[in-house]
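Structure, as structure tokens:
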Amino acid sequence: MTNNILFLIGAGIAVVAGLGAGVGIGIATGGTAQAISRQPEASGKIMTVFFLGIALAEATAIYGFVIAILIFSKA
């Protein structure tokens, strides 16, 4: 009984990784919009770095989701 509760708490904590990724993507999008408005001629390079950062932030969310699923399957 106690182990099941601990598994569920662990799964909930793992899902919080998605919240962090969402906040990070929002901050990155805002920074990208400001950078392109300041230097429109560099938008290609800015967008490349932006998409790389988005991919890394989303990967952390996916890892947290996978961990939560694995924990749920054990409970």
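The values are calculated or read from the model by the stated rules, or taken from the named source; none is laboratory data. What you see is a predicted model; the values in this text were computed from it and never measured. For neighbour counting, all protein chains shown are included, and Cβ atoms are generated from backbone atoms with ideal geometry for every residue, glycine included.
Here are some notes:
- All positions within the stretch 27-62 that are surrounded by 14 or more Cβ atoms within 10 Å (Cβ to Cβ) and within 13 Å of the chain's Cα centre (by Cα): Ala28, Gly53, Ile54, Ala57, Glu58, Thr60, Ala61
- Within the stretch 42-75, the set of residues being among the aromatic types (Phe, Trp, Tyr) and at pLDDT below 90 comprises Tyr63, Phe65, Phe72.
- Condition check for Leu6: at pLDDT below 90 and of a type outside the set (Gly, Ala, Ser): yes
- Every listed requirement among (1) exposed (fewer than 12 other Cβ atoms within 10 Å of the Cβ); (2) in contact with a helix residue (DSSP H, G or I) (Cβ under 9 Å, 6 or more places away or on another chain) is met by Gly24 save one, (1).
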